[in-house]
Amino acid sequence: MSIRLGVCYYPEHWPQSMWESDARRMKELGIKQVRIGEFAWSRIEPSPGELRWDWLDHAIEVLAAEGLEVVMCTPTATPPKWLVDRHEDVLAVDANGRRRAFGSRRHYDFSSDSYFEQSQRIVRLLGERYGKHPAVTAWQTDNEYGCHQTVVSYSPSAQRRFRSWLRARYGSIDALNSAWGTVFWSMEYRSFDEIDAPIGTVTEAHPSHRLDYRRFASDEVVRYNRMQVEILRAHAPGRVMVHNFMQMFLEFDHYPVAADLDVASWDSYPLGALEEMWFPPEEKACWLRTGHPDFASFNHDLYRGMSAQPFWVMEQQPGPVNWAHWNPHPLPGMVRLWSWEAFAHGAGCVSYFRWRQVPFGQEQMHAGLNRPDNRLDVGGEEAARVAREIEEVEQAAGALAQPRGKVALLFDYQAKWLFEIHHQGADFQYARFAFDYYSALRSLGLDVDIVPTSAPLDGYAMIVVPPLPVVPDDLAQRLQQSGAQVLFGPRTGSKTVSLQIPQELPPGPLQSVLPIRVWRVDSMRPNVTEPVQAGALSGQAMHWRDLVEFDGADVETVAKFGDGHPAILRHQRMHYLAAIFDAGLTAGYFEQVARAAGLAPQRLPEGLRLQQRGPLTFAFNYSEATLTLPGAADFIVGAAALPPQGVAIYRSTQQ
Ligand code: GAL
């Protein structure tokens, strides 16, 4: 599979007199594909039915004349003013019952019938016009579903569709009452028509009701995307269908959306993410200008696991962004490092956001490959270097196979919603804990595949299951059959699919392979810890403890808490971590289990990360020190002394 660079371009933001030189300079820089059109509805259709194709036709021709491929987007993330004025139900409704306003983007409601129809119409028109254009080789549906908290709407149309969704799921109102347990607080319903959206209640609304509302809202995204893909496939045969997902964004289930596409792509902003996400202040300071060494790669490995063809980075941070609380500029070298890191993890394309910094609008402080004065920015120079290096690497190593880890991490979107709805401890955050397990594995030099719980598990030596409240019926058996060493985080198997405590107590259906019972749970304030001793390993439990009991001698207590309760339990190849542990203890225990699984974990120096892709090893230095790559030889890029922000690519000595 060959690898390539792309860029996001907004011809409608610039005078036509600039387009030709833009296209020529893109080509000279080594760009192969250009994404256009995702916010251009008001220019394509300035008033109802008045279609202006001339400028877009011309923009495509200008790009095509330089041999650039076009990724055409549907413009549905930004319905224009006339459209929302004509159809009020297009605007989503927030949890306070207020209609969202026009004036930014993503103001539409996935459940609005009129927006569904308007979207069908504009997507069809674009498909008819450009579907068979030889330069238009890929189509992006919409832009970043769910961005700015827009998955869930509480509009009358959402409520109506929710009722039908419930009817289809439960069949009868009695089945719903019993699945949810509505007898609690006299919440029983006599018909589906009595069920409202779970907002406005005096205290928390029923958790099963809330969870189903999240599931419903997620299914609405799947339905909406499928509509666009079906229309485009009919008009654009053989073209790549893609959507640009977001980084560590769990508000809808991405797996079924990706299943309708050819390529799952994502938008990578490592510095914005570090600033906005859960990382503690010390880590934010430490990785201020590089991003966390495992953050982009987590997303690469996640999206690789749902993409039929090699995933893409559709938007790569090229310099400072505008949208985080603080927006530092990256260290020189980081744009190159991030680009190569994406390729190391299997990306087919890295596309920079955006070609040129725009001097107006909300994102005027967001860097591009070019400055507003049209001189090449630092990110542009680094992109040009990556383009040259791609040629060298492909010449030396040929097309690259997809990475394949021996370690799988099972990932589940619904787990996030469930722990949010029923957290029992305010900082029990699924994404963070899944990330911490991933990060521990990566610090041991292990390559990881992030896969859904339904994925085939054969061939993995080690499988890590971050807290997974609802365990699918067949999972225990499939884990057993895989022959892998399996590690479960706390709270795994702690709920049924309708959010009740399993009758046999947690870990519920896992008890067939792990005969233990969680009889009590203990949520821990941020300043509370509990010591853990595991043979030579020791550390602290934080956030949460499961108190576990078991009958019989075939369960081993591998580690204990200070107060004597089991902290890690093992039954054959199944390991249960009864708490969230500090990073050292997590990595220490993962290292032991990795060795038991026949892997060769190695404690990497801080900031060094390695990734295998086919016959090549890629090394990345996120630290401030020059690091040495022991035993590495046969370099295509870089050398054994890896400077800060350095990238090395060499032939692997072991596979
Ligand atoms: C993404 C979005 C782009 C742009 C970018 C800025 O979330 O898809 O349109 O807003 O962020 O970093």
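The values are calculated or read from the model by the stated rules, or taken from the named source; none is laboratory data. What you see is a predicted model; the values in this text were computed from it and never measured. Ideal geometry is used to build each Cβ from the backbone, glycine not excepted, and the neighbour counts take in all protein chains shown.
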Return the pairs, sorted by first residue and then second, in which the second residue is of a type in the set (D, E, K, R) and part of a loop (DSSP other than H, G, I, E, B), the first residue lies in segment 360-378 and is away from the ligand (no atom under 16 Å from the Cβ), the beta carbons are less than 6 Å apart, and the residues are 6+ apart or on different chains. Arg371/Asp377
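Would it be correct to say that Val350 is modelled with pLDDT of 95 or more, within 26 Å of Gln140 (Cα to Cα), more than 11 Å from the ligand (Cβ to nearest atom) and of a type in the set (Val, Ile, Thr)? Don't jump to the end; show me each part of the working.
Values: modelled with pLDDT of 95 or more: yes; within 26 Å of Gln140 (Cα to Cα): yes; more than 11 Å from the ligand (Cβ to nearest atom): yes; of a type in the set (Val, Ile, Thr): yes.
So Val350 fits the description; yes.
Determine which member of the set Ala77, Ala64, Ala101, Ala95 is farther than 17 Å from Tyr10 by Cβ, of a type in the set (A, V, I, L, M), in a loop (DSSP other than H, G, I, E, B) and touching a residue at least 60 places away in the same chain (Cβ under 8 Å).
Ala95
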Condition set touching a helix residue (DSSP H, G or I) at 6+ places or on another chain (Cβ under 9 Å) and among the basic types (Lys, Arg), scope segment 32-63, selection surrounded by the most Cβ atoms within 10 Å (Cβ to Cβ): answer is Lys32
Applying the selection to segment 590-636, what residues are touching a residue at least 24 places away in the same chain (Cβ under 8 Å) and charged (D, E, K, R)? Glu591, Arg603, Arg609, Arg613
Just for segment 354-401: of the residues that are part of a loop (DSSP other than H, G, I, E, B) and modelled with pLDDT under 95, which one is farthest from the chain's Cα centre (by Cα)? Gly398
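Check whether at least one residue in segment 530-552 is hydroxyl-bearing (Ser, Thr, Tyr), modelled with pLDDT of 95 or more, closer than 22 Å to Leu468 by Cα and not assigned by TED's automatic domain parsing to the domain that holds Trp338, and report yes or no.
Here is the first cut: in segment 530-552, the residues hydroxyl-bearing (Ser, Thr, Tyr) are 538.
Right, trim to modelled with pLDDT of 95 or more and you get 538.
From the residues that got through so far, the ones that are closer than 22 Å to Leu468 by Cα too are none.
No, there is no match, as no residue in segment 530-552 is hydroxyl-bearing (Ser, Thr, Tyr), modelled with pLDDT of 95 or more, closer than 22 Å to Leu468 by Cα and not assigned by TED's automatic domain parsing to the domain that holds Trp338.
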Name the single residue, out of those in segment 76-101 being under 23 Å from Leu56 (Cβ atoms) and in contact with an Asp or Glu (Cβ under 6 Å, 6 or more places away or on another chain), that is surrounded by the fewest Cβ atoms within 10 Å (Cβ to Cβ). Ala77
Any chance you could count how many residues in segment 166-219 are closer than 20 Å to Val470 by Cα and in contact (Cβ under 8 Å) with a residue 40 or more places away in the chain? 17
Regarding segment 313-327, can at least one residue be identified that is of a type outside the set (Val, Ile, Thr), more than 14 Å from the ligand (Cβ to nearest atom) and in contact (Cβ under 8 Å) with a residue 60 or more places away in the chain? no
Checked segment 378-398 for anything under 29 Å from Arg105 (Cβ atoms) and touching a Pro at 6+ places or on another chain (Cβ under 7 Å); matches are Val378, Gly379
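Kindly indicate whether Val263 is touching a Ser or Thr at 6+ places or on another chain (Cβ under 6 Å), more than 15 Å from the ligand (Cβ to nearest atom) and more than 19 Å from Leu369 (Cα to Cα). Give the steps one after another, and end with the answer.
Values: touching a Ser or Thr at 6+ places or on another chain (Cβ under 6 Å): yes; more than 15 Å from the ligand (Cβ to nearest atom): yes; more than 19 Å from Leu369 (Cα to Cα): yes.
It is true that Val263 is touching a Ser or Thr at 6+ places or on another chain (Cβ under 6 Å), more than 15 Å from the ligand (Cβ to nearest atom) and more than 19 Å from Leu369 (Cα to Cα).
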Note on segment 1-28: residues surrounded by fewer than 22 Cβ atoms within 10 Å (Cβ to Cβ), under 14 Å from Leu369 (Cβ atoms) and under 29 Å from the mean Cα position of the chain (by Cα) are Tyr10
Among the residues in segment 335-342, are any within 16 Å of the ligand (Cβ to nearest atom), modelled with pLDDT of 95 or more and touching a Pro at 6+ places or on another chain (Cβ under 7 Å)? yes
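Does Asn244 fit the bill of being within 16 Å of the ligand (Cβ to nearest atom) and either outside the structural domain of Phe116 (by TED's automatic domain parsing) or out of contact with any Asp or Glu (no Cβ under 9 Å at 6 or more places or on another chain) (or both)?
Numbers: within 16 Å of the ligand (Cβ to nearest atom): yes; either outside the structural domain of Phe116 (by TED's automatic domain parsing) or out of contact with any Asp or Glu (no Cβ under 9 Å at 6 or more places or on another chain) (or both): no.
No; evaluated as a whole, the condition is false for this residue.
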Of the listed residues (Leu91, Leu68), the one being touching a strand residue (DSSP E or B) at 6+ places or on another chain (Cβ under 7 Å) and closer than 25 Å to Asp22 by Cα is Leu68
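Considering every residue within segment 411-418, establish whether at least one is closer than 21 Å to His300 by Cβ, within 23 Å of the chain's Cα centre (by Cα), more than 16 Å from the ligand (Cβ to nearest atom) and not in a helix (DSSP H, G or I). Before you say what the answer is, go through the steps one by one.
Residues of segment 411-418 that are closer than 21 Å to His300 by Cβ, as a first pass: 411-413, 415-416.
Retained after the next criterion (residues that are within 23 Å of the chain's Cα centre (by Cα)): 411-413, 415-416.
After this cut, where a residue has to be more than 16 Å from the ligand (Cβ to nearest atom) as well, the list is 411-413, 415-416.
The next check asks that each one be not in a helix (DSSP H, G or I); those that pass are 411-412.
For segment 411-418, residues closer than 21 Å to His300 by Cβ, within 23 Å of the chain's Cα centre (by Cα), more than 16 Å from the ligand (Cβ to nearest atom) and not in a helix (DSSP H, G or I): present.
Given the structure, is Ala64 closer than 28 Å to Ala138 by Cα and among the aliphatic types (A, V, I, L, M)? I'd like the intermediate steps shown before the answer.
On the way: closer than 28 Å to Ala138 by Cα: yes; among the aliphatic types (A, V, I, L, M): yes.
Spelling it out, Ala64 is indeed closer than 28 Å to Ala138 by Cα and among the aliphatic types (A, V, I, L, M).
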Positions within segment 19-42 being outside any loop (DSSP other than H, G, I, E, B), within 16 Å of the ligand (Cβ to nearest atom) and under 29 Å from Val350 (Cβ atoms), in sequence order: Val34, Arg35, Ile36, Trp41
Of the candidates Leu302, Leu288, the one satisfying the condition of being surrounded by 22 or more Cβ atoms within 10 Å (Cβ to Cβ), away from the ligand (no atom under 16 Å from the Cβ) and among the hydrophobic types (A, V, I, L, M, F, W, C) is Leu302
With criteria (1) away from the ligand (no atom under 16 Å from the Cβ); (2) among the basic types (Lys, Arg); (3) buried (at least 17 other Cβ atoms within 10 Å of the Cβ), Arg404 comes up short on (3)
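Could you say whether any residue in segment 332-342 is more than 24 Å from the chain's Cα centre (by Cα) and outside the structural domain of Ala434 (by TED's automatic domain parsing)?
Within segment 332-342, the first condition is being more than 24 Å from the chain's Cα centre (by Cα), and the residues that meet it are 332-333.
Narrowing the set further to residues that are outside the structural domain of Ala434 (by TED's automatic domain parsing) leaves 332-333.
Yes, there is a match, as at least one residue in segment 332-342 is more than 24 Å from the chain's Cα centre (by Cα) and outside the structural domain of Ala434 (by TED's automatic domain parsing).
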